[in-house]
1. Mind counting the residues in region 66-102 that are under 17 Å from I33 (Cβ atoms), touching a helix residue (DSSP H, G or I) at 6+ places or on another chain (Cβ under 6 Å) and assigned to a helix (DSSP H, G or I)?
2. Inspect all residues belonging to region 56-70 and state whether any of them is among the small types (G, A, S) and open to solvent by 40 Å² or more (accessible area, probe 1.4 Å).
3. Quickly run through region 74-116 and pick out the residues that are within 16 Å of L41 (Cβ to Cβ), surrounded by fewer than 16 Cβ atoms within 10 Å (Cβ to Cβ) and out of contact with any strand residue (DSSP E or B) (no Cβ under 8 Å at 6 or more places or on another chain).
4. Anything in region 26-39 that is surrounded by fewer than 18 Cβ atoms within 10 Å (Cβ to Cβ) and not hydrophobic (A, V, I, L, M, F, W, C)? List them, or say none.
5. Within region 22-47, can you find the residues that are of a type in the set (K, R) and within 12 Å of the chain's Cα centre (by Cα)?
6. Return the pairs, sorted by first residue and then second, in which the second residue is hydroxyl-bearing (S, T, Y) and open to solvent by less than 30 Å² (accessible area, probe 1.4 Å), the first residue lies in region 32-57 and is assigned to a loop (DSSP other than H, G, I, E, B), the beta carbons are less than 7 Å apart, and the residues are 6+ apart or on different chains.
7. Does region 47-89 hold any residues that are over 16 Å from C105 (Cβ atoms) and charged (D, E, K, R), and which are they?
Amino acid sequence: MLNNSTKKNTQTGTGPGTESSSSKPSISLSKQITISNKLGLHARAATKLAILATEFEANITLIQGEKHASAASVLGLLMLESGIGKVITVQSEGVDAEKALEAVCKLINDKFDEEN
């Protein structure tokens, strides 16, 4: 389930404090999503998510309550202890923020490709 409220901030990649000299805008987006697969965010699912997260020029963070984890960190994702029915916030920042957010939400909604 996706929450239709997406937050969006844009910045150019050329100003002070930016890490990239690219002329593409760096954006920040977030969505809430519910974990719906039977086993939740377990080791195999966390590994799939971490591999996917490295494919984008974006920093992707998952938030559950007070816990935060980089989507690129399998151990961090496991420490979220996100089981079935848990609502998490997915934040994505960077040049590929929109593509990354869509891909991560699709993987979660597709139950990490583990259930028919």
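The values are calculated or read from the model by the stated rules, or taken from the named source; none is laboratory data. Worth saying up front: this structure is predicted, and the values here are computed from it rather than measured. Here the Cβ is made from the backbone with ideal geometry for all residues, glycine too, and neighbour counts use every protein chain on show. Note: areas computed on protein heavy atoms with side chains; ligands, DNA, RNA excluded. Shrake-Rupley method; radii C 1.70, N 1.55, O 1.52, S 1.80 Å.
1. 1
2. Yes.
3. L75, G83, I84, K106, D110, D113, E114, E115
4. At the first step, the residues of region 26-39 found to be surrounded by fewer than 18 Cβ atoms within 10 Å (Cβ to Cβ) are 28, 32, 34, 36, 38-39.
Result: S28, Q32, T34, S36, K38.
5. Across region 22-47, the qualifying residue is only K31.
6. Hits for this filter: I35/S82; G40/S82; L41/S82.
7. Result: E57, E66, K67, E81.
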